[in-house]
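Right, one structure below, let's go through it.
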Amino acid sequence: MFMFYDREKELALLRTFVESEPNTIFFIYGPINSGKTTLLMEFSRRLSEDFVPFYINLRWHAISSPSDFLNILFSIHRGKKDVVKAIVEDLPGIIHGIPVPKALLREVIGNHENAFSYIIETLKKIRKSGKIPILILDELQKVEDLKINGPLLYELFNLLVGLTKELHLAHVFTITSDSLFIEKVYSEAMLHGRAEFFLVDDFDEDTAREFLEELGFKGEEIELVIRHFGGKPSYLTLASLHKDNLEEWCRGELDTRENWIKFKLNDLKRENGIIYREVMRILKSFMDSEFIKIEDVSPGIRWLVKQNILFLDPKKGILRPQGRLELLAIRRIVG
C-alpha cells in the first residue's frame, strides 16, 4: 500500500525538464526508501500522450553478465503490427522494456552493439512519429562491475549521452539509492557537463505530519511516528498498518535496526580492526549532529554507506544517517 503525497514541486521540475529538447541525463538519487521510483512512476503516469515512457527495472534481477543486462532491457513484441506503430498507437502508459519482434530478439541481444543500435533506431522512429521517448533506468548501479571490452557502464553512458546530448532523441532518467555509485560517477567526472543530479529526499517534518494526518493519525500518534522515522515515506505508510500496536511496533523497528547494525559492526571488528575503529569514530560524530561535512570517502565511510547505515550526498559533501531510525540506533550504540 502506498499513497502518493506532496511531491508536486518535484513533479513540476521533472515536467520542466521534459518540456525542453533532450540534452541531459537526469540522475535521480537519494537515501533508501525516499520514494524515488514512486516519484518517477507517478510522473510517467501523468505524462501527456506526446510522450512514450520506457521503464527498465534492474532491482529484482540477478545480473552477472552483460547478456543478463541486455535481456532485461528488452521485451518480446508478439503483435502483428510493426513495433514502432504498436508502441505509438496501441501500448498505453509506461512500457516495461523496449519491445523487439521475437524473430529479431536473438540478434538484438547477441551483443551490446546490436542492442544499442536497435535502441537508437527504434527511438529515432518514435521521434519521427511525433512522440518523445523517455527512458527510465532503475538501480543502474547493478551494472557497475560488468565488463565487455571494457566496463559496460562506460559503454552504456556513451549510449545515454548519444541519446541526449548528441542526437536529442530521448529524455533519460537513471535512478539509484547507492550513493557510492553516485560518488563514483560524480568524482570521476564521467557525466561532467552531461547530467543533472536530482535529489529525492525524505519528507520534512511538516510534510510528514500532514501525510500522517491524511492517513488518519492524530496528536501523540503523529509525534511518536515522526520521532522514530522522521519523514521516511515507506515507514510512514507502514505505520498505518500498525495503529493498534503503534508504540510497540515503533520500539520493535528501532530495536531491530539497532541489533542489525550491531551485528554488522561485530562482523567488521572481527574482519578489520582498523576500519572498525574508524567507523566507530565516525558514528560518534552523530551524537551531537545529524550530518557531517566530508572531503574524502575513506574506507570507514565507504563501509558505512555500503551497509546502508549512512547516506552520502556527493554534491554537497554531506554524510548523514539513511534516516531517523538509523540516527536513533547509532546514538543508542555509541552513547
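General observations
- Here F157 does not fit the description of being under 25 Å from N57 (Cα atoms), in contact (Cβ under 8 Å) with a residue 40 or more places away in the chain and outside any helix (DSSP H, G or I).
- The set of residues in the stretch 253-273 being within 30 Å of T237 (Cβ to Cβ) and either surrounded by 13 or more Cβ atoms within 10 Å (Cβ to Cβ) or not hydrophobic (A, V, I, L, M, F, W, C) (or both) consists of E253, L254, D255, T256, R257, E258, N259, W260, I261, K262, K264, L265.
- Some residue of the stretch 233-244 being surrounded by 18 or more Cβ atoms within 10 Å (Cβ to Cβ), touching a Phe, Trp or Tyr at 6+ places or on another chain (Cβ under 6 Å) and outside any helix (DSSP H, G or I): no
- Qualifying positions in the stretch 274-301 - surrounded by fewer than 16 Cβ atoms within 10 Å (Cβ to Cβ), part of a helix (DSSP H, G or I), touching a residue at least 24 places away in the same chain (Cβ under 8 Å) and not hydrophobic (A, V, I, L, M, F, W, C): K284, P299
- Filter result for the condition that a residue is surrounded by 21 or more Cβ atoms within 10 Å (Cβ to Cβ), in contact with a strand residue (DSSP E or B) (Cβ under 6 Å, 6 or more places away or on another chain) and part of a helix (DSSP H, G or I), over I182, I136: I182
- Hits in the stretch 312-331 (condition: within 17 Å of E258 (Cα to Cα) and either in a helix (DSSP H, G or I) or touching a Leu at 6+ places or on another chain (Cβ under 9 Å) (or both)): R320, P321, Q322, R324, L325, E326, L327, L328, A329, I330, R331
- Condition check for E247: at pLDDT 95 or above and of a type in the set (D, E, K, R): yes
- Residue-level analysis places I148 outside the set of residues that are open to solvent by less than 10 Å² (accessible area, probe 1.4 Å), at negative phi and not basic (K, R).
- Single match in D206, D202 (criterion: part of a loop (DSSP other than H, G, I, E, B) and open to solvent by 30 Å² or more (accessible area, probe 1.4 Å)): D202
One line per residue, one yes/no per condition, for (1) part of a helix (DSSP H, G or I); (2) over 22 Å from the mean Cα position of the chain (by Cα):
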{"residue": "P53", "(1), (2)": "no, no"}
{"residue": "W60", "(1), (2)": "no, no"}
{"residue": "S67", "(1), (2)": "yes, yes"}
{"residue": "K80", "(1), (2)": "no, yes"}
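- Scanning the stretch 68-81 turns up no residue that is touching a helix residue (DSSP H, G or I) at 6+ places or on another chain (Cβ under 8 Å), surrounded by 15 or more Cβ atoms within 10 Å (Cβ to Cβ), closer than 24 Å to L236 by Cβ and at pLDDT 90 or above.
- Of the listed requirements (1) in a loop (DSSP other than H, G, I, E, B); (2) in contact (Cβ under 8 Å) with a residue 60 or more places away in the chain, S48 misses just one: (2).
The values are calculated or read from the model by the stated rules, or taken from the named source; none is laboratory data. Only a predicted model underlies this, so the values are computations on that prediction, with no experimental measurement involved. Note that each Cβ is placed from the backbone with ideal geometry, even for glycine, and that neighbours are counted across all protein chains shown. Keep in mind that these areas ignore ligands, DNA and RNA; they rest on the heavy atoms of the full protein, side chains included. Shrake-Rupley method; radii C 1.70, N 1.55, O 1.52, S 1.80 Å.
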